[in-house]
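The structure under discussion appears below in the form of structure tokens.
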Amino acid sequence: MKINIHQLLNETILSDITDQKLKVIMSLLIIALGFLVFSIIFDRLLRTIMVRLLNKLMLLSKNDFLTALAATKIFDVISLISFPIVFDVGSAFVSFKGDDAFTQGFASFMVHAAYFGYFFVSTLILVRIISGVNHYYERKFDGSGEYPIYGYIKMLQFSIWCVGIVLYLSYVMNKSPLTTLTGIGAVSAIFLFIFKDTFLGLISSIQATANHIVKLGDWVNIPKYNIDGEVIYISISSVKVRNWDNIVTSIPTFSLTSDAIHNWQKMVESKARRIFRAVYIDISSIQACDSALLVSLALKYPYVAKLTNGMDESVPTANLALYRMYLNDYLQNNPLLNHDHPNLARYLAPTPTGVPLQIYAFSQEVYLAEFEETQSQIFEHIFLTLPDFGLRIFQSQSVGMLNS
């Protein structure tokens, strides 16, 4: 025998209300509020007792997959099943046979709310399990984050949500899933238009992952958006980059495959950042080394003394050539440079502003402050030693002095 809660309320709490329609509405509101409060209490009890205990046991487990599942808080999701269970069981206590339309509609609403909850929680549990698989993969097989499967995981989760929605709509309309899909196809164009960025981002995320274009923690430069910094977040719809001035810039995910991106991460990992800068030597200061210059250089620079020892004095040596050889030795023995890469001084094509003497070297320090310090020390050394070799850096006043 079913308990008619609606009738029980009418005979007790709502007995003083004479308007029958108002009495029905008030009765339904009280019932709905009661079920909601009971569902919240039931959920709190589950979380306090069962969920906390299971999460603790799984986090302490030696099984990596169970630990990864616990990290997704899957039991917090499972506890949500208390809401549809309470509404489903509660509907059995509400007798709506022969009652008015309000009560019938309320009972039907409770049943549909319960089944919506079943579908929603079941889908959410599957999505969390997939997230657990991703956590397990990252911890067990991809600790460096070089080969993430994040894009594939998001695609699979999106597919699970789509299947869950189709199955629920099929249940509500009492039709087969194929019939429901046919109906959905009629509005798919509008759906695709609304979620265009999401679909483009999903495809781009998969491509970026498969082609190793970018991953979390990478140092990237995107000229189109004036971005230069570290990737801190990647999702289906957006990518966030913290620039070196601490400004966080968000761009659409599909920009990863549609725009030019400079990924500096391999350079960071190799600990070799290129120094690629030149000083312009005044051509008028280039001359053959005389004996006086060679003697003074030999006294001051041991490498030059070693170099000039036994040198054929009948063959003139340009002071610029001697300086280039000295500079190459200085770079080869510089502890601030990465010697797994070429470190040298070379000439570029002469210009109206002098002969470019370019430093082509690789600093061990790759981040801005340390890199600039290394580069500055090298060029400060050049500025200090050039005059000893009788060389001058080209300046505009040099032209004025020659003309006078």
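No value in this document is a laboratory result; all are computed from the given coordinates. Source: prediction; values computed, not measured. With ideal geometry, Cβ positions are generated from the backbone for all residues, glycine too; neighbour counts draw on all protein chains shown.
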Would you kindly calculate the mean projected area, averaged across all directions, of the convex hull enclosing the Cα atoms of segment 255-401, in square nanometres? 12.1 nm²
What ³J(HN,Hα) values, in whole Hz, does the Karplus curve 6.51 cos²θ - 1.76 cosθ + 1.60 give for segment 218-235 when θ = phi - 60°, with x put for Gly and Pro? 6, 8, 10, 10, 10, x, 4, 9, 6, 9, 8, x, 9, 6, 10, 7, 9, 10
Residues with amide H under 5 Å from that of SER238, placed H, sequence gap 5 or more: THR253
At R0 = 35 Å, how high is the FRET efficiency between ARG139 and SER376 if r is their beta carbon distance? Nearest 0.05 is fine. 0.25
Along segment 303-308, Karplus-curve 3J(HN,Hα) (6.51, -1.76, 1.60; θ = phi - 60°) to the nearest Hz, with x for Gly and Pro, reads 5, 5, 4, 5, 6, 7
How large is ³J(HN,Hα), in whole Hz, for each residue of segment 289-302 in order, when computed from phi with the Karplus curve 6.51 cos²θ - 1.76 cosθ + 1.60 and θ = phi - 60°, using x for Gly and Pro? 6, 8, 4, 5, 5, 5, 5, 5, 5, 5, 5, 8, 10, x
Say the cut-off is 26 Å between C-alpha atoms; which of LYS62/LYS240; LYS154/LYS271; LYS154/LYS215; LYS56/LYS140 go over it? LYS62/LYS240; LYS154/LYS271
Please give the length that would be gained between GLN395 and TRP161 if that part of the chain were fully extended, namely 0.36 nm times their separation in residues minus their C-alpha to C-alpha distance (nm, one decimal). 77.4 nm
List every residue whose amide H lies under 5 Å from the amide H of ARG392, counting only residues 5 or more places away in sequence or on a different chain, with H placed 1.01 Å from N in the peptide plane. ASP282, SER285
What's the local net charge at ILE160, with K and R +1, D and E -1, over the other residues with C-beta under 13 Å away? +2
Could I have the simple spin-label model distance between PHE276 and LYS240, label points 7 Å from Cα toward Cβ, reported in nm to one decimal? 3.3 nm
